[in-house]
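The values are calculated or read from the model by the stated rules, or taken from the named source; none is laboratory data. Not measured: the values here are computed from a predicted model. No Cβ is skipped: glycine too gets one built from the backbone with ideal geometry, and neighbour counts run over all protein chains shown.
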Amino acid sequence: MQESWWVEYSLFIAELLTALGLLAWAAGRLAKNAVHGARAKEGRLLVRSLARELGQDPGSLDLGFLPKNEAKAHRKRAKARKKADRPRLFVLDFTGDVRASGAQGLAKEVNNLLGFAMPGDQVLVRLESPGGAVTGYGLAASQLLRIKARGLPLTVAVDKVAASGGYLMAAVADRILAAPFAVIGSIGVVASLPNFRRLLEDQKVDFEQITAGEYKRTLTLFGENTEKGRAKVQEEVDQVHRLFKDWVARFRPQMILSQVATGEWWHGAAALDLGLIDQVLTSDEFLTQQAQDLKVVGLKWQEPKARAGFWGRMASSLGAISVPT
């Protein structure tokens, strides 16, 4: 009877200690998640070597098809390149939408890049954008200007499209590359909006608008547009077009502006003939060439992801725990 009591008591103590240990582990994990969560709220920079993608990593290829001496020589050369203290080629990717919403992430990538770039380093921006709001793309182009201001050679590669605002960004580069069938150009400006006035009149709906300032409203969605209002909008569009042309001429003075600032676009070879680009070459070809002499490093700013609240994190930490009874 006494021995049975002692066994049960020992088991109780063991279960209690186990439960306390598991709870302590969960609390530690929760605290660690909280730290990571605080960091995640600020986002983070992802840095990765592109050597494997470019076939420069000695462990990334199966060289069994080569004679042993050639395979050995290849691995030796690849390891030597990997160990060598070579300048770096930083690779940024920018995919644009109408609002150029990627400009914010681009700014953070440039902030970090300028923080650890060294003399001799270079930058490649793989750019893809059909254009959009001039304010957003103007800001994105200004981020690229910061790279040049630091004295880092800047190349922009266009594999698919850099038109309108996309070309406004590309023009900043020291060198512009484009794939043979990439779309380049569209140095023009457009403003458009529908007008529902006649539809409202048919439905016997009145529209009232009160403004202060002669040109506070020019064209409107619901009111009657005037020739004076149309003329003002045309004046504003022409002004933005002049700014666009002056910007392009500043960075690519070799072009005959009257030939390219028509709003038209061209494919790779024709764009080269007009001076819109400097070479017909894909980004993959360029990177493979540069990887012989430079360490190729990809940079990408990762925005924070939404995280579960306190109780959600606690439930996640305790989800796999079964407390003995």
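I'd like the full set of residues that are of a type outside the set (Gly, Ala, Ser), buried (at least 17 other Cβ atoms within 10 Å of the Cβ) and either over 9 Å from the mean Cα position of the chain (by Cα) or at positive phi (or both), limited to the range 86-124. First the steps, then the outcome.
Applying the first criterion (of a type outside the set (Gly, Ala, Ser)) to the range 86-124 yields 86-95, 97-99, 104, 106, 108-114, 116, 118-119, 121-124.
Subsequent filtering for residues that are buried (at least 17 other Cβ atoms within 10 Å of the Cβ) retains 88-94, 106, 108-110, 113, 121-124.
Listed by number, the residues that qualify are 88, 89, 90, 91, 108, 110, 113, 121, 122, 123, 124.
Only one of (1) within 23 Å of residue 99 (Cβ to Cβ); (2) free of Cβ contacts under 8 Å to residues at least 60 places away in the same chain; (3) in a loop (DSSP other than H, G, I, E, B) is not met by residue 215, so which one is it?
That leaves (1) as the condition not met.
Conditions: (1) closer than 30 Å to residue 148 by Cβ; (2) without any contact (Cβ under 8 Å) to a residue 24 or more places away in the chain; (3) outside any loop (DSSP other than H, G, I, E, B); (4) of a type outside the set (Gly, Ala, Ser). Residue 199 meets all but one. Number of the miss?
Only one criterion is unmet by residue 199, namely (1).
Name every residue in the range 153-200 that is polar (S, T, N, Q) and within 18 Å of residue 283 (Cβ to Cβ), in order of residue number. Explain how you work it out, then say what you get.
Of the residues in the range 153-200, the ones polar (S, T, N, Q) are 155, 164, 186, 192, 195.
The answer is 155, and nothing else.
Looking at (1) surrounded by 13 or more Cβ atoms within 10 Å (Cβ to Cβ); (2) in contact (Cβ under 8 Å) with a residue 60 or more places away in the chain; (3) more than 28 Å from the chain's Cα centre (by Cα), which is the one condition that is false for residue 261?
With respect to (1) surrounded by 13 or more Cβ atoms within 10 Å (Cβ to Cβ); (2) in contact (Cβ under 8 Å) with a residue 60 or more places away in the chain; (3) more than 28 Å from the chain's Cα centre (by Cα), residue 261 is out only on (3).
One residue is enough: does the range 226-239 have a residue meeting the conditions touching a residue at least 24 places away in the same chain (Cβ under 8 Å) and within 29 Å of the chain's Cα centre (by Cα)?
So far as the range 226-239 goes, yes, one or more of its residues are touching a residue at least 24 places away in the same chain (Cβ under 8 Å) and within 29 Å of the chain's Cα centre (by Cα).
Please specify each residue of the range 223-263 satisfying the condition of being under 30 Å from residue 198 (Cα atoms) and assigned to a helix (DSSP H, G or I).
Our first condition is that a residue be under 30 Å from residue 198 (Cα atoms); within the range 223-263, this holds for 223-238.
Passing the criteria: 227, 228, 229, 230, 231, 232, 233, 234, 235, 236, 237, 238.
Would you pick out the residues in the range 145-162 that are in a loop (DSSP other than H, G, I, E, B), basic (Lys, Arg) and closer than 12 Å to residue 113 by Cβ?
The initial filter retains those residues of the range 145-162 that are in a loop (DSSP other than H, G, I, E, B), namely 150-153, 159-160.
Narrowing further to those that are basic (Lys, Arg): 150, 160.
150, the sole residue that qualifies.
Exactly one condition in (1) in contact with a helix residue (DSSP H, G or I) (Cβ under 7 Å, 6 or more places away or on another chain); (2) under 19 Å from residue 279 (Cα atoms); (3) hydroxyl-bearing (Ser, Thr, Tyr) is not met by residue 137; state its number.
Failing condition for residue 137: (2).
Could you tell me whether any residue of the range 91-110 is in contact (Cβ under 8 Å) with a residue 24 or more places away in the chain, touching a helix residue (DSSP H, G or I) at 6+ places or on another chain (Cβ under 8 Å) and closer than 16 Å to residue 175 by Cα?
Among the residues of the range 91-110, at least one is in contact (Cβ under 8 Å) with a residue 24 or more places away in the chain, touching a helix residue (DSSP H, G or I) at 6+ places or on another chain (Cβ under 8 Å) and closer than 16 Å to residue 175 by Cα, which makes the answer yes.
Return the residues of the range 271-284 that are of a type outside the set (D, E, K, R) and either outside any helix (DSSP H, G or I) or within 18 Å of residue 188 (Cα to Cα) (or both); say none if nothing qualifies. Let's see the steps before the verdict.
Residues of the range 271-284 that are of a type outside the set (D, E, K, R), as a first pass: 271-272, 274-277, 279-283.
Of everything in the range 271-284, those that are of a type outside the set (D, E, K, R) and either outside any helix (DSSP H, G or I) or within 18 Å of residue 188 (Cα to Cα) (or both) turn out to be 271, 274, 275, 276, 277, 279, 280, 281, 282.
Of all residues in the range 285-298, count the ones that are part of a loop (DSSP other than H, G, I, E, B) and surrounded by fewer than 16 Cβ atoms within 10 Å (Cβ to Cβ). Spell out how you get there, then give the answer.
Step one: filter the range 285-298 for residues part of a loop (DSSP other than H, G, I, E, B), giving 291-294.
With the extra rule that they be surrounded by fewer than 16 Cβ atoms within 10 Å (Cβ to Cβ), the set shrinks to 292-293.
Summing the residues that are part of a loop (DSSP other than H, G, I, E, B) and surrounded by fewer than 16 Cβ atoms within 10 Å (Cβ to Cβ) in the range 285-298 gives 2.
Considering each of 217, 252 in turn, give the residue that is farther than 16 Å from residue 177 by Cα and either touching a Gly at 6+ places or on another chain (Cβ under 7 Å) or not hydroxyl-bearing (Ser, Thr, Tyr) (or both).
217
Within the range 115-129, can you find the residues that are more than 13 Å from residue 91 (Cα to Cα) and in contact with a helix residue (DSSP H, G or I) (Cβ under 9 Å, 6 or more places away or on another chain)? Walk me through it before giving the result.
Kept after step one, since they are more than 13 Å from residue 91 (Cα to Cα), are these residues of the range 115-129: 115-116, 118-120, 128-129.
Result: 128, 129.
Quick one: which residue in 212, 179, 231, 191 is under 26 Å from residue 124 (Cβ atoms) and either touching a helix residue (DSSP H, G or I) at 6+ places or on another chain (Cβ under 8 Å) or not assigned by TED's automatic domain parsing to the domain that holds residue 155 (or both)?
Working: 212 fails: under 26 Å from residue 124 (Cβ atoms); 231 fails: under 26 Å from residue 124 (Cβ atoms); 191 fails: under 26 Å from residue 124 (Cβ atoms).
Testing whether each residue is under 26 Å from residue 124 (Cβ atoms) and either touching a helix residue (DSSP H, G or I) at 6+ places or on another chain (Cβ under 8 Å) or not assigned by TED's automatic domain parsing to the domain that holds residue 155 (or both) leaves just 179.
Looking only at the range 151-198, count how many residues are over 15 Å from residue 275 (Cβ atoms), in contact with a strand residue (DSSP E or B) (Cβ under 9 Å, 6 or more places away or on another chain) and charged (D, E, K, R).
Residues flagged as over 15 Å from residue 275 (Cβ atoms), in contact with a strand residue (DSSP E or B) (Cβ under 9 Å, 6 or more places away or on another chain) and charged (D, E, K, R) within the range 151-198 amount to 2.
Determine which member of the set 117, 171, 149, 133 is within 29 Å of residue 301 (Cβ to Cβ) and without any contact (Cβ under 8 Å) to a residue 24 or more places away in the chain.
Working: 117 fails: without any contact (Cβ under 8 Å) to a residue 24 or more places away in the chain; 171 fails: without any contact (Cβ under 8 Å) to a residue 24 or more places away in the chain; 133 fails: without any contact (Cβ under 8 Å) to a residue 24 or more places away in the chain.
Of the residues listed, the single one that is within 29 Å of residue 301 (Cβ to Cβ) and without any contact (Cβ under 8 Å) to a residue 24 or more places away in the chain is 149.
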